[in-house]
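In what follows, a single structure is set out as structure tokens and then discussed.
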Amino acid sequence: YTAMEYERLINASGPTGGEIRRPSDGKVAQEVVFVQCAGSREPERGVSYCSTICCMYTAKQALLYKHRVPQGQAYVFYIDIRAGGKGYDEFVERAIEEKVLYLRGKVSKVFSEDGKVIVWGADTLSGKRVEVAADLVVLATAILPSQGSRRLAEKLHIEVGEDGFWKEAHPKMEPVE
């Protein structure tokens, strides 16, 4: 799943009534892997920028998983945590305290085997390879500007950055204008 698809899955009005179930057989997912920066911060295979919100919504989604499936295990593969806001670092720490396993490192391969999704990665803090046989994998993909945003920016005389997103009037004086 992408993070947006997973968000719909955990919603009480979603297709499973908020239960976190495998799409293949409908069983409750006992191991879920969240992959940060999937397609972002990698100019050779995606986009070069950080989307800036993924660390927080992944922490939220992993916590919600732990609350709904307390005996289950959530893993988060990350490059670094960019939780830039008041109370954000503490929120990520709360996820770690509630037994969400954060692994600093990239995922090298994801494939299906014997009804599971196998995730190969590395934990760069311990220097060890990691293999998880997951029931579900959730990708925090790069946020992209909508297709019509450039045309609207032209009509409104708004400057557009290299990444295709609208630029603020002034980064320090008018950051929301």
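Could you list all residues from the stretch 39-60 that are over 27 Å from GLU90 (Cβ atoms) and either touching a Ser or Thr at 6+ places or on another chain (Cβ under 6 Å) or crowded, with 18+ Cβ neighbours inside 10 Å (or both)?
GLY39, GLY46, VAL47
Go through the stretch 72-89 and give me each residue that's at pLDDT below 95, farther than 27 Å from GLU42 by Cβ and surrounded by 15 or more Cβ atoms within 10 Å (Cβ to Cβ).
none
So, of the residues in the stretch 106-142 that are surrounded by 12 or more Cβ atoms within 10 Å (Cβ to Cβ) and in a loop (DSSP other than H, G, I, E, B), which turns out to be farthest from the chain's Cα centre (by Cα)?
Among them, the one singled out is THR124.
Go through the stretch 143-177 and count every residue that is hydrophobic (A, V, I, L, M, F, W, C) and over 24 Å from the mean Cα position of the chain (by Cα).
So the first thing to find is which residues in the stretch 143-177 are hydrophobic (A, V, I, L, M, F, W, C), and the list is 143-144, 152-153, 156, 158, 160, 165-166, 169, 173, 176.
Retained after the next criterion (residues that are over 24 Å from the mean Cα position of the chain (by Cα)): 152-153, 156, 158, 160, 169, 173, 176.
Result for the stretch 143-177: 8.
Limited to the stretch 157-174, what total is found for residues that are exposed (fewer than 10 other Cβ atoms within 10 Å of the Cβ), out of contact with any strand residue (DSSP E or B) (no Cβ under 8 Å at 6 or more places or on another chain) and closer than 24 Å to VAL47 by Cβ?
Of all residues in the stretch 157-174, those exposed (fewer than 10 other Cβ atoms within 10 Å of the Cβ) come to 157, 159, 162, 170-174.
Among the residues that remain, those that are also out of contact with any strand residue (DSSP E or B) (no Cβ under 8 Å at 6 or more places or on another chain) are: 157, 162, 170-174.
Then drop every residue that is not closer than 24 Å to VAL47 by Cβ, which leaves 162, 171.
Residues meeting the conditions: 2.
Of these, VAL92, VAL69, which one is open to solvent by less than 40 Å² (accessible area, probe 1.4 Å), of a type outside the set (Asp, Glu) and either more than 21 Å from ASP123 (Cα to Cα) or in contact with a His (Cβ under 7 Å, 6 or more places away or on another chain) (or both)?
Sole residue among the options that is open to solvent by less than 40 Å² (accessible area, probe 1.4 Å), of a type outside the set (Asp, Glu) and either more than 21 Å from ASP123 (Cα to Cα) or in contact with a His (Cβ under 7 Å, 6 or more places away or on another chain) (or both): VAL69.
Given the residues LEU103, LEU9, which is the only one that is closer than 17 Å to LEU136 by Cβ, in a helix (DSSP H, G or I) and of a type in the set (A, V, I, L, M, F, W, C)? Step through it out loud before you land on a result.
Numbers: LEU103 fails: in a helix (DSSP H, G or I).
So the residue among LEU103, LEU9 that is closer than 17 Å to LEU136 by Cβ, in a helix (DSSP H, G or I) and of a type in the set (A, V, I, L, M, F, W, C) is LEU9.
Can you name the residue in the stretch 143-156 that is free of Cβ contacts under 8 Å to residues at least 12 places away in the same chain and open to solvent by less than 100 Å² (accessible area, probe 1.4 Å) and is also nearest to TYR57 (Cα to Cα) among such residues?
Filtering the stretch 143-156 down to residues free of Cβ contacts under 8 Å to residues at least 12 places away in the same chain leaves 146-148, 151-152, 154-156.
Remaining after also requiring open to solvent by less than 100 Å² (accessible area, probe 1.4 Å): 146, 148, 152, 156.
Working: SER146: 20, GLY148: 25, LEU152: 28, LEU156: 31 Å.
Filtering the stretch 143-156 for residues that are free of Cβ contacts under 8 Å to residues at least 12 places away in the same chain and open to solvent by less than 100 Å² (accessible area, probe 1.4 Å), the one nearest to TYR57 (Cα to Cα) comes out as SER146.
Can you tell me how many residues within the stretch 11-38 are buried (at least 17 other Cβ atoms within 10 Å of the Cβ) and in contact with a Gly (Cβ under 9 Å, 6 or more places away or on another chain)?
So the count comes out to 9.
Can you spot a residue in the stretch 53-69 that is of a type in the set (Val, Ile, Thr) and more than 17 Å from VAL137 (Cα to Cα)?
Yes, because at least one residue in the stretch 53-69 is of a type in the set (Val, Ile, Thr) and more than 17 Å from VAL137 (Cα to Cα).
Of the residues VAL100, VAL35, VAL47, VAL76, which is touching a residue at least 60 places away in the same chain (Cβ under 8 Å) and under 22 Å from VAL130 (Cα atoms)?
VAL35
For the stretch 95-105, give me each residue that is open to solvent by less than 90 Å² (accessible area, probe 1.4 Å) and of a type in the set (Asp, Glu).
Hit for the stretch 95-105 is GLU98, nothing else.
The values are calculated or read from the model by the stated rules, or taken from the named source; none is laboratory data. Computed from a predicted structure; not experimentally measured. Here the Cβ is made from the backbone with ideal geometry for all residues, glycine too, and neighbour counts use every protein chain on show. Accessible surface areas use protein heavy atoms only, side chains included; no ligands, DNA or RNA. Shrake-Rupley method; radii C 1.70, N 1.55, O 1.52, S 1.80 Å.
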